[in-house]
4 protein chains.
Amino acid sequence: MADSPTLAELTARVRAFADARDWERFHSPRNLAMAVSVEAGELLELYLWSSDGGPQPLHPDRVPKVADEAADVLMCLLNLCDRAGVDLAAALTDKLARAELKYPADRVRGQALKYDEYPEWEPGRRR
Amino acid sequence: MADSPTLAELTARVRAFADARDWERFHSPRNLAMAVSVEAGELLELYLWSSDGGPQPLHPDRVPKVADEAADVLMCLLNLCDRAGVDLAAALTDKLARAELKYPADRVRGQALKYDEYPEWEPGRRR
Amino acid sequence: MADSPTLAELTARVRAFADARDWERFHSPRNLAMAVSVEAGELLELYLWSSDGGPQPLHPDRVPKVADEAADVLMCLLNLCDRAGVDLAAALTDKLARAELKYPADRVRGQALKYDEYPEWEPGRRR
Amino acid sequence: MADSPTLAELTARVRAFADARDWERFHSPRNLAMAVSVEAGELLELYLWSSDGGPQPLHPDRVPKVADEAADVLMCLLNLCDRAGVDLAAALTDKLARAELKYPADRVRGQALKYDEYPEWEPGRRR
């Protein structure tokens, strides 16, 4: 893990790229949220018409594109958080802490429903 | 930047969360690509009907949700890269290197067209 | 309006296109929902980096593409409803009827908040 | 098919709904393209974590929601075409005519690759 860059380092790099091009003017949080969605769609397109485990695996031409499109999503997401004043690492920590409560491991193991679709779920119930 | 977590650390944390719930079976790269797109849509929804710089700023109830939805996108993206064998940091480095060539700073400054929409763009032209 | 095709006619046409290619096997509702999302992303991309009313209108090369991408979204959506047994026209009628209650014209006029973001909104309130 | 509404009729209905609320001001084509994408994400979410044909079918609570979310996509798409001056029925006709050339039935039968992923595909080749 020693060589893995931090979120702060990656953010600084994508910001430098945009700044060198005077792209701040286009980089409103709203525009960047659109860009995240567009790039997520391009990532998803690579998996279109294949099946989860079935007879038609990912077309070999598409494999290297997954990394490429994933990088696009990350670049836009880092730019968005940078411009919207979001501390993405802190947000992920918060998210995981809340998800631990919403999806207790002993209850949801091996199932992938939304938290309010479990038979025993009661609105407003505290754990 | 000293305290910012690395991508590898964040990946280890989201993987541990999924593993504790036996969610690997749902976490095919394809399913995770769907999840990235769904979460990107929820992020985008927060900016819907507002305007870029105009009279209707982001509704105050939505501000904290931006961090929350951005974290969801990142969580799904890290899981996807983990399961698809993608080195996301390397992919971002590659992406930026190619984007430097596709969008030379002195040419595209202050404009936000796609690389093939610039008047002087010629298909196949090398720089 | 006499010449406008019905949803049923359009559905029959997109189904015939798929059937002639033996594409039913790929056209699970789930795959088609992915396709709707991918095509919606391509439509959105055309509006990326422009501004709502501002100095950078839609690039002229993109104008005809809007019709093209909108048709892609419709084609996938009709296929999805066809395969999932959804009566799309009835669903739209239901949706509008419920939206009339959720967004009463005299209350929401000229505002574009979600129904639960209006100051006077009360959970569970009936009208 | 006699009772199926035409696209023009459906467009008139969604336009009347927006007009009664003075929502034209929010209904720029760009905003509506965002809305199509957001609604497509909500539709896709219903299929998340299930599998194409496998052990975890669509959760029964989600079935009626498919119709509901599909109607949302259609409503936004019709509004977008209305505001952007797109004749959606004509666009679909054009799209199908071009798709007939790009994906000849005798060549692509039973396969679901992109047109440029077929082994015999040659850039610029005419048929």
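Can you tell which of D:TRP23, D:ALA12, D:LEU44 lies farthest toward the positive end of the dipole of region D:1-49, using +1 and -1 charges on the Cβ of basic and acidic side chains (Lys, Arg; Asp, Glu)? Selected residue: D:TRP23. About its Cα centre, the dipole of chain C is roughly 480 debye, where the only charges are +1 on Lys and Arg Cβ and -1 on Asp and Glu Cβ. Using a 7 Å projection from Cα along Cα-to-Cβ, the label point at D:ASP22 is separated from the same position in the remaining copies by 3.8, 5.7, 5.9 nm, smallest value first.
Counting only Cα atoms, the protein assembly as shown measures 67, 61, 50 Å along its principal axes, largest extent leading.
Note on B:15-21: average number of Cβ atoms from other chains within 10 Å of each residue's Cβ is 4. Highest mean first, the peptides C:19-30, B:39-50, B:64-75 sorted by other C-beta atoms within 10 Å per residue fall in the order B:39-50, B:64-75, C:19-30. Using a simple spin-label model with pseudo-atoms 7 Å out from Cα toward Cβ, C:ALA12 and A:ASP3 lie 6.3 nm apart. Pairs from the table (A:LYS65/A:LYS102; A:LYS95/D:LYS65; A:LYS95/D:LYS114) lying more than 28 angstrom apart at Cα are A:LYS65/A:LYS102; A:LYS95/D:LYS114.
Please average, across the residues of A:95-107, the number of beta carbons from any other chain that are within 10 Å of each residue's own beta carbon, and give a whole number.
3
Counting Cβ atoms of other protein chains within 10 Å of each Cβ in C:5-14 and taking the mean gives 6.
In Å² (nearest 100), what accessible area is buried between D and C, both sides summed, heavy protein atoms only, 1.4 Å probe? When D and C are taken together, about 5700 Å² of accessible area is lost.
The values are calculated or read from the model by the stated rules, or taken from the named source; none is laboratory data. As the structure is a prediction and not an experimental result, all values here were calculated from the model. When we count neighbours, we look across all protein chains shown, and the Cβ atoms used for this are built from the backbone with ideal geometry, even at glycine. With ligands, DNA and RNA removed, areas are computed over all heavy atoms of the protein, side chains included. Shrake-Rupley method; radii C 1.70, N 1.55, O 1.52, S 1.80 Å.
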